[in-house]
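Once you've had a glance at the structure underneath, I'll fire off some questions.
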Amino acid sequence: MGRVGTALRELRGAQKSAKGVSLYSRFVNRPAGRYLAAFSHAVGLGPNQVTLVSAALSFAGIAAVALVPPSWALGALVWVLLVVGFAFDSADGQLARLRGGGSAAGEWLDHVVDSAKVTALHACVLIAFFRFPAEYGISSDAWLLVPLGFQLASVVTFFGGLLTEKLKPKAEPGSPAAAPSTLRAVALLPVDYGVFCLVFLVLGGGELFRWAYTGFGVMAVLFLAAFLAKWFRELSAVRR
């Protein structure tokens, strides 16, 4: 426990900026990831091993959506697996900073797992809609387009955000970090992955899940349009 407490104290001073982060990630996922990072450090796990733990938990939950008929118990299990997997996803980066900085291979692995998770999650919802149409109240194949559209919006948002950060000029070393906006942190809640995972708690509701999932999909498309306009405007001002 002593090693865990020491690691927690060090991690409090090794956090990334809260700018552009939703309230869920700032006050729930990152703190949970901090405890998981401290525990992982105490038991001798490295950042890449933590990334693989995150992947195992997340993909177990994702696969269950496609393979098992929907129920309230399944929904609770899927939610737990996805949320804990998301917390471990935060822990790997925090653990890397605790150990003095991550590696290029570690960052690559983290992003590959994240992109696979985003793609597979919506693909498995599509499979679930196809395999269990009666349970979800689906009477038309047109509903299969919803996970496809949601997947497209999620993948483009993920890739567009990463590429924008790579292309934007980096802040000068030692320059103060921009203060996070509470309004922005609240506005980003509908497209926060941790908040989205809550939809699986109503997986047993069948048609309720279908409509709740569709609502999140609509929000993802609307936010993507706003993000694309913002990112293009920011990069248009960059001189190369």
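Assess whether F158 counts as being touching a Phe, Trp or Tyr at 6+ places or on another chain (Cβ under 8 Å) and either touching a residue at least 40 places away in the same chain (Cβ under 8 Å) or not in a helix (DSSP H, G or I) (or both). Before the answer, list the steps.
Working: touching a Phe, Trp or Tyr at 6+ places or on another chain (Cβ under 8 Å): no; either touching a residue at least 40 places away in the same chain (Cβ under 8 Å) or not in a helix (DSSP H, G or I) (or both): yes.
The answer is no for F158.
Test of understanding: among V238, V186, which residue is in a helix (DSSP H, G or I), modelled with pLDDT under 95 and exposed (fewer than 15 other Cβ atoms within 10 Å of the Cβ)?
Just one listed residue meets the conditions, V186.
Another one. Are there helices (runs of 4 or more DSSP H) fully within the range 1-120 with at least 1 residues that are open to solvent by 30 Å² or more (accessible area, probe 1.4 Å) and modelled with pLDDT of 90 or more? List them. Let's see the steps before the verdict.
Numbers: elements: 2-12, 30-42, 47-67, 72-98.
Those helices (runs of 4 or more DSSP H) span 30-42, 47-67, 72-98.
Any chance you could count how many residues in the range 190-235 are part of a loop (DSSP other than H, G, I, E, B) and charged (D, E, K, R)? I'd like the intermediate steps shown before the answer.
Keep residues of the range 190-235 that are part of a loop (DSSP other than H, G, I, E, B), which gives 192, 206.
Now restrict to residues that are charged (D, E, K, R): 192.
The number of residues fulfilling the criteria is 1.
The values are calculated or read from the model by the stated rules, or taken from the named source; none is laboratory data. Nothing here was measured: the structure is a model prediction, and the numbers come from that model. Reconstructed Cβ throughout: ideal geometry from the backbone, glycine too, with neighbour counts over all protein chains shown. Accessible surface is based on the protein model in full, side chains and every heavy atom, while ligands, DNA and RNA are left aside. Shrake-Rupley method; radii C 1.70, N 1.55, O 1.52, S 1.80 Å.
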